[in-house]
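This report refers to the structure that appears directly beneath it.
The numbers here are math on the coordinates, done by the rules we state, and not lab data. What you are looking at is a predicted structure, and each value in this text was computed from that prediction instead of being measured. Glycine also receives a Cβ, built like all others from the backbone with ideal geometry; neighbour counts cover every protein chain displayed.
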Amino acid sequence: MKKNIGTTDMVVRFIIGLFILSLIFWGPKTLWGLVGLVPILAGAIRFCPLYPLFGINTCKKN
C-alpha cells in the first residue's frame with residue numbers, strides 16, 4: 001500500500017477518531033463509538049482506501 005495520507009490529514013483523523021471513540025465513555029455510552037477506530041487506524045497506517053477512488057493524495061510530493 002502506498003501512503004496517501006499526509007501529516008495534517010493524519011493528525012485530524014486522530015483527533016476526530018479519539019473524539020468519536022470517547023462517546024463510549026461520555027455522551028450516549030453506546031458501542032457506536034467504536035466507529036472512531038476507523039479514522040485512527042487509517043491515520044496510523046497512513047492509507048485511506050477511498051482516496052484512490054477519488055484521486056486524492058494528501059502526502060507531499062518528493
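Yes/no per residue for (1) aromatic (F, W, Y); (2) part of a helix (DSSP H, G or I):
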residue: I24; (1), (2): no, no
residue: K29; (1), (2): no, no
residue: W32; (1), (2): yes, yes
residue: P39; (1), (2): no, yes
residue: G43; (1), (2): no, yes
residue: L53; (1), (2): no, yes
residue: N57; (1), (2): no, no
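Residues checked against (1) of a type in the set (G, A, S); (2) in contact (Cβ under 8 Å) with a residue 60 or more places away in the chain; (3) surrounded by 12 or more Cβ atoms within 10 Å (Cβ to Cβ):
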site: K2; (1), (2), (3): no, no, no
site: G6; (1), (2), (3): yes, no, yes
site: R13; (1), (2), (3): no, no, yes
site: L21; (1), (2), (3): no, no, yes
site: W32; (1), (2), (3): no, no, yes
site: P39; (1), (2), (3): no, no, yes
site: L50; (1), (2), (3): no, no, no
site: L53; (1), (2), (3): no, no, no
Of (1) small (G, A, S); (2) farther than 27 Å from F54 by Cα; (3) touching a Cys at 6+ places or on another chain (Cβ under 9 Å), G6 satisfies all except one. Which?
(2)
